[in-house]
1. Applying the selection to the range 425-451, what residues are surrounded by fewer than 17 Cβ atoms within 10 Å (Cβ to Cβ), more than 39 Å from the chain's Cα centre (by Cα) and at pLDDT 80 or above?
2. I need the full set of residues from the range 393-422 which are among the small types (Gly, Ala, Ser) and either open to solvent by 20 Å² or more (accessible area, probe 1.4 Å) or in contact with a Lys or Arg (Cβ under 8 Å, 6 or more places away or on another chain) (or both), in order please.
3. Residues Val154, Val173: which one is at pLDDT 75 or above, open to solvent by less than 50 Å² (accessible area, probe 1.4 Å) and in contact with a Ser or Thr (Cβ under 6 Å, 6 or more places away or on another chain)?
4. Out of the range 231-272, which residues are in contact with a strand residue (DSSP E or B) (Cβ under 8 Å, 6 or more places away or on another chain) and open to solvent by 80 Å² or more (accessible area, probe 1.4 Å)?
5. Which count do you get for residues in the range 85-109 that are crowded, with 18+ Cβ neighbours inside 10 Å and of a type in the set (Gly, Ala, Ser)?
Amino acid sequence: SPTTPPPTTSPTTAPPTTSPSKRPTRSPSTRPTKAPSDLPTTRPTFSQDTPVVEKEVTVEYTTVVTKATVQSTLTLDNIGEVPDEGDLRDAFLDALTKTLKQTIENTLAGNQSLEGVRIISIGGTPVGRRRLLDVLLGRLLEGGDGDILWESVVAENTTVVTVKDSDGEVVEVTVDGVEASVSAGNSDVVSTVASSEAISSGIAQKVSQAMVTATTSNDGSSGNAFMETFQLKTEEVADSQSDDVKALLTTLVNSVAVESVETDPEQEVVTTQESTTTTSTETVVQPVVTTVKVEGSITFSNTAISATQTAEFVIQAELALKNNVCPAADAYSCKARVLSVNGQSVTSRLRRHSRSLQESLVLQYEMELEAICSSADCSDAQTVGNALYALVTGTLRTAIEDGSIVASLRAVSTDFATLLASATATGVFTDLVVPVLTVLSNWYPNWRDGTNNCLNDGNAPTYMKIFGTYFENSLDACCDRFFSWDTIECKGDSASIPSGFYPNWAGTKTK
């Protein structure tokens, strides 16, 4: 893998500035600063005797900034009787806003930042309508309850590194340092692996989970992390108030309770996204490899996954496949991709309008691995491919049968542990493996010393490089074009031996 570090100059394009009209004037002091990282170096090393090729590749470092505005509802009750004074109202909203902000910030990842929190309305009355809000807040403070509509704006930085060969074909993609799978011929890699819809959906789930966790008591008492933070923020706000307001505010918050919290997973999350890209040219050294594809299906039974959770389940299933298979395979590269769920392609938008539980999920998947060949022409491709196929299917079959795949999914979160508490898995594998030879150079006819074979070692004669018409993208294509009279010898172990009748010119019968 390339070891040259990415450009040191940071992208100069500023992230989008769209945000709610009402937001805190003080921006968070810590914004995501994650810069593009070096290309992954987790691939296995290879010996000095291994045939290799060198090739210049184009490396694109893209930083994507996604901002999502998520609306949520908080219902408070058990509030004692206090007057609806303007100063008390403002202090109450200030303390509540700071509590919501702290609750969200506590759960954000290193590449995420909270841009702002804004309370929109109480009981349907916008906070900007002061007189009506005073009346409503007065009723709320007399012991009633009310729905508080609020929104948060969260920004997430995603770093995408795309490696392309001289033909512009994508060789490798990583997202925040983790290798990602993309379909062949995909011309919009960044939008695929850093989808604004997927990122905003993840942010909405994080906001929802943050509120549920903070407002849930761990010991069965009425106390919880949200109310503890609310009381602390109230003390901060009360310090700048008059003694009367301070006393009323303290009494108010000490008696309040959270009745419910809700973040609608089906809401249309307002999203803005902007990206900046820097490009460099690097030289990579790669062994000659053959690509092996393993396809099959896994059926998960006794699940309780809703349609709205399927997209996240697909992501975690791909990780489970990689984590259970790739370390044992010891291949040069190893990828896993879910192709469909219950017959619906994952490249299309998975159905999210239904919240009904799915008791069974059938995942069609594809694993793509690169095995290192022992010769420059990779004549042992079939042997290497078959051995790797047997190792992968054996490892995967064991992981399915002993429950390792399901256990990996349960470990993702407490939600998945509950949803998959009774789940089991069974697998079906394809019977054939057809290695596809893939290297970073082209195949050319080797006419030296009277041999009838094709090479891809990067040492083509100068005249071939000048004219450029002697190269093919695969061993099969090169042999079929230049050695059609003896493709068996040219292709070596990867050749398919023909069978059938042939003319017997020494006799009168066909054999």
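The values are calculated or read from the model by the stated rules, or taken from the named source; none is laboratory data. From a predicted model like this one, the values you see are computed outputs, not experimental measurements. Reconstructed Cβ throughout: ideal geometry from the backbone, glycine too, with neighbour counts over all protein chains shown. Side chains are part of the model used for accessible areas, which takes the heavy atoms of the whole protein and leaves out ligands, DNA and RNA. Shrake-Rupley method; radii C 1.70, N 1.55, O 1.52, S 1.80 Å.
1. Trp447
2. Selection gives Gly394, Gly403, Ser404, Ala407, Ser408, Ala411, Ser413, Ala417, Ala421, Ser422.
3. From the options Val154, Val173, the qualifying one is Val173.
4. Hits for the range 231-272 are Glu259, Glu262, Val270.
5. Counting residues in the range 85-109 that are crowded, with 18+ Cβ neighbours inside 10 Å and of a type in the set (Gly, Ala, Ser) gives 2.
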